[in-house]
Amino acid sequence: MISGGGTGGHIYPALALIQEVKKSEPDSNILYVGTHKGLESRIVPDQGIDFKTIKIQGFKRSLSLDNLKTIGLFLSSVSKARHMIKEFKPDVVVGTGGYVSGAVVFAAAMMRIPTVIHEQNSVVGVTNKFLSRFVTKIAISFEDARSQFPEKKVILTGNPRATQVVNIEKTESLTNFGLKDQTPTVLIFGGSRGAEKINSATMGALKDFGTKDYQVLFVTGQVHFDKLMQSINQTDISDNVSIKPYIANMPEILPVVSAIVGRAGATSLAEITALGIPSVLIPSPYVTNDHQTKNAKSLVKVGAAELVTESELTSSKLVSVVDEIMNDQSIREKMSKQAKSLGEPEAANNLYDVLKSVVK
């Protein structure tokens, strides 16, 4: 039984683990427990995975009557999770983060069923911090997370998403985006929904980027695309620049880009380090405990990435830092080597080994 929800950062590692389990044990039974409102309710069933839901919500950070409702929902969701566990009879229960995994994994631990949690970030989430006292084993993606958990339970596995991107069988041609395959290309991407500050800085840099020897593939996010395209004169977009709203098969484009400018979410960094892609990381300041900045620093301190805060990001700063990387192949090669040194292409198998080690 696997549970994780709310964001892709919790869901994609779970799906990568499921893929690994199915590869080794095709006859295994897997049940994914999420919420009916979360992103997982759309993604998981599409993968042909059995899916059930429980209702739960997070705590408000300020004093609120909603928190009383949250406690009530948590207790009722633990009760519902117990019923699911009794019915499904799992050998092991895995949580990859999000409030829903808190109820499911806690219920399993109280029932003396082997439990494993996976922490994707360098700063431990509230749910996993709570669960760490009860679970059998704790898998981490960043060494920096180790000290925040009970030491004897911790195993560094990496993020299973890394295994997926390394094992992609086909890659996308840049010609599908109006670019050339053999020319060094930087991908600028603020996440599936885009990032306004990154978009704004990139829009202001388009004229400069149009004069470069390298190419720019700029992904705006679907919600921003139309408005941004209305604000520019199409004839001003040079042949070496391509602007797209969204790339559905993003993992297939990653192996053919020379560098990435983007956020520092756990899934992105798992992909970047697994493939050894030089990066300019602009952490989102809107996430819990500023964990993206801490994620990014794990790469910066070994020379695998450049860090630019959102507050210091301007069009000229963006062009300057991208030029530094894209105009010097030796810098890209050094950054690539350092990024790979942090990557864990066997992460899914590592986590699967942890699961097998706790099953009685």
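The values are calculated or read from the model by the stated rules, or taken from the named source; none is laboratory data. Quick caveat: nothing in here was measured; it's all calculated off a predicted structure. Cβ coordinates were reconstructed from backbone atoms using ideal geometry, including for glycine residues, and neighbour counts include every protein chain displayed.
Brief remarks follow.
- One residue stands out in the range 271-291 among those that are in contact (Cβ under 8 Å) with a residue 60 or more places away in the chain and farther than 21 Å from I331 by Cα: the one that is surrounded by the most Cβ atoms within 10 Å (Cβ to Cβ), namely H291.
- Taking residues in the range 165-183 that are under 21 Å from L269 (Cα atoms), and partners anywhere that are of a type in the set (V, I, T) and surrounded by 13 or more Cβ atoms within 10 Å (Cβ to Cβ), the pairs with Cβ atoms closer than 6 Å and at least 6 places apart or on different chains are T171/V256; E172/I253.
- Residue count for the range 238-252 satisfying the condition of being exposed (fewer than 15 other Cβ atoms within 10 Å of the Cβ) and over 19 Å from T183 (Cα atoms): 2.
- Looking across the range 239-266, the residues that are modelled with pLDDT of 95 or more, part of a loop (DSSP other than H, G, I, E, B) and polar (S, T, N, Q) come down to N240, S258.
- Qualifying residue in the range 329-346 (condition: within 15 Å of the chain's Cα centre (by Cα) and assigned to a helix (DSSP H, G or I)): no
- Filter result (surrounded by 13 or more Cβ atoms within 10 Å (Cβ to Cβ) and without any contact (Cβ under 8 Å) to a residue 12 or more places away in the chain) within the range 24-49: K37, P45
- Filtering the range 161-202 to residues that are of a type in the set (D, E, K, R), farther than 21 Å from E324 by Cβ and more than 16 Å from the chain's Cα centre (by Cα) leaves E169, K170, E172, K180, D181, E196.
- Of the residues making up the range 298-318, just one is in contact (Cβ under 8 Å) with a residue 60 or more places away in the chain and over 17 Å from R263 (Cα atoms), namely S316.
- Looking across the range 132-170, the residues that are polar (S, T, N, Q) and assigned to a loop (DSSP other than H, G, I, E, B) come down to S132, T136, S141, T157, N159, N167.
- Checking V216, V154, V165 one by one, the residue that is at pLDDT 95 or above and closer than 30 Å to K23 by Cα is V154 and no other.
- The range 193-222, residues that are assigned to a loop (DSSP other than H, G, I, E, B), surrounded by fewer than 16 Cβ atoms within 10 Å (Cβ to Cβ) and either touching a Gly at 6+ places or on another chain (Cβ under 8 Å) or among the hydroxyl-bearing types (S, T, Y) (or both): R193, T211
- Residue satisfying all of: in the range 313-328; of a type outside the set (A, V, I, L, M) and not in a loop (DSSP other than H, G, I, E, B); surrounded by the most Cβ atoms within 10 Å (Cβ to Cβ) among these: S315
- Residue match in the range 106-114 (condition: assigned to a helix (DSSP H, G or I), surrounded by 20 or more Cβ atoms within 10 Å (Cβ to Cβ), aromatic (F, W, Y) and modelled with pLDDT of 90 or more): yes
- Any chance D208 is over 20 Å from the mean Cα position of the chain (by Cα), acidic (D, E) and either closer than 30 Å to V257 by Cβ or not assigned by TED's automatic domain parsing to the domain that holds D328 (or both): yes
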